[in-house]
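Please read the structure below before turning to the comments.
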Amino acid sequence: MPSSPPRRSDRNLAWTAFNAVQFAFTLAWTAAWISAALLVHAVLRDRHWPLRMAARCWAPGLLWGAGARLQVSGLEQVDWSRNHVFVANHQSTIDICALFRAIPVPLHFLLKQEMTKVPFVGWYARAMGMVFIDRSNRRAALGFMRQSAELLRGGGSLCIFPEGTRSRTGVVAGFKGGAFQAAIDAGVDVVPVAIEGSGAVLYPEGFFRVRPGTIRVRFGAPLATRDGDRPVERQALADDARAAVLAMLGRRAGQA
C-alpha cells in the first residue's frame with residue numbers, strides 16, 4: 001500500500017524545527033565573528049580588517065546557513081577605487097549580509113538607532129563607525145547627515161536603504177530625498193543597487209522564517225551628485241535612483 005504524502009502540518013513542524021536550528025546557528029555565528037572582529041579592532045586600532053571580516057567570514061556563513069545562493073552582476077559598472085553611496089531596495093534583514101558579501105570594499109551602513117541596543121551587533125556597529133539615525137528626532141536626523149558626509153569625505157563608502165523600512169510585499173516604495181543629502185554634500189556618486197529574492201529567503205514577517213533560495217544583487221551605473229558646478233536636487237536624485245532600481249528589477253514605475 002503506497003504511503004500517503006506528508007501532511008502540511010508535518011511539513012510546517014519540520015520547517016519550524018529547522019528554522020530554530022538555523023536561528024541558533026545565526027546567533028552563535030554572529031557572536032563568534034563579531035567577538036573576533038572586535039578583538040582585531042582592539043589590537044590593530046583599524047577598521048579595515050574588521051569590516052572585511054564581515055564581508056568574507058560573517059556574511060558568507062549566514063548566507064550558507066540560510067541556504068541562500070548569491071548572484072552578483074554589474075560590478076564592472078563601478079569604479080571601486082573611489083568611494084560611493086550605495087542605495088538599495090530593502091526586502092529583508094538578510095539584505096545586509098548580501099550587500100556585505102557583494103560589495104568588494106569596506107562598507108558602512110545607515111542603521112536605525114534601535115540597533116545600538118542589540119548585543120554584539122550594536123557593539124560592532126558602533127566600533128566600526130556605522131551611522132545611526134533616530135527618525136523620531138529631527139535634530140538628530142541633521143546630525144546623521146553631518147556624520148554621513150564626514151564619513152564620505154574621509155573616503156568611506158556608505159550603504160543606505162532609502163525606502164526607510166523593509167517592504168512586506170516586494171513593492172519598492174518611494175525613495176526619501178533626505179537619504180541622498182550626504183552624498184550631495186560630499187560630492188560622492190550614488191550607485192543604485194537592486195536586490196531580488198531576499199524576502200523569499202528570510203521573510204520580512206514572522207519570527208525567523210527561512211527558506212532556501214537565490215538572492216540576486218545588481219549594480220547600476222553611478223549617478224552624479226553634481227550637474228556642472230551645481231549640486232543635483234536631492235529628490236530628483238532619489239527618483240532617478242529608484243527608477244534605476246526598478247529597471248534592474250524589470251519593473252516600470254507603475255508596477256513598483
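Throughout, read-outs are computed from the coordinates displayed, never taken from laboratory work. Just so it is clear, the model here is predicted, and its values are computed rather than measured. Here Cβ is always computed from backbone atoms with ideal geometry, including for glycine, and neighbour counts include all displayed protein chains.
Calculated mean residue ellipticity, 222 nm, the chain: -13000 deg cm²/dmol, from DSSP H runs (n ≥ 4) at -39500 (n - 2.57) each, averaged per residue and rounded to 500. Centre-to-centre separation between the Cα atoms of segment 65-122 and those of segment 164-189: 14 Å. Per-residue Karplus couplings for segment 37-42, computed as 6.51 cos²θ - 1.76 cosθ + 1.60 with θ equal to phi - 60°, are listed in order as 5, 5, 5, 4, 5, 5 Hz, Gly and Pro entered as x. Could you work out the relative contact order of the chain, using alpha carbon pairs under 8 angstrom and six or more residues apart, expressed as a whole percent? After rounding, I find 23 percent.
For the chain, DSSP calls about 30 percent of its internal beta bridges antiparallel. With neighbour counts taken as other beta-carbon atoms within 10 Å, the residues TYR124, TYR203 rank, fewest first, as TYR203, TYR124. Here the label points at ALA31 and ARG56, each 7 Å from Cα along the C-beta direction, are separated by 2.6 nm in the simple model. Within the set (i) 0.99; (ii) 0.92; (iii) 1.06, the number that Cα Rg over 2.2 N^0.38 Å takes when calculated for this structure is listed as (iii).
Among LYS112, LYS117, the order by Cβ neighbours within 10 angstrom, fewest to most, reads LYS117, LYS112. Ranking of LEU75, LEU202 by neighbouring Cβ atoms within 10 Å, starting from the fewest: LEU75, LEU202.
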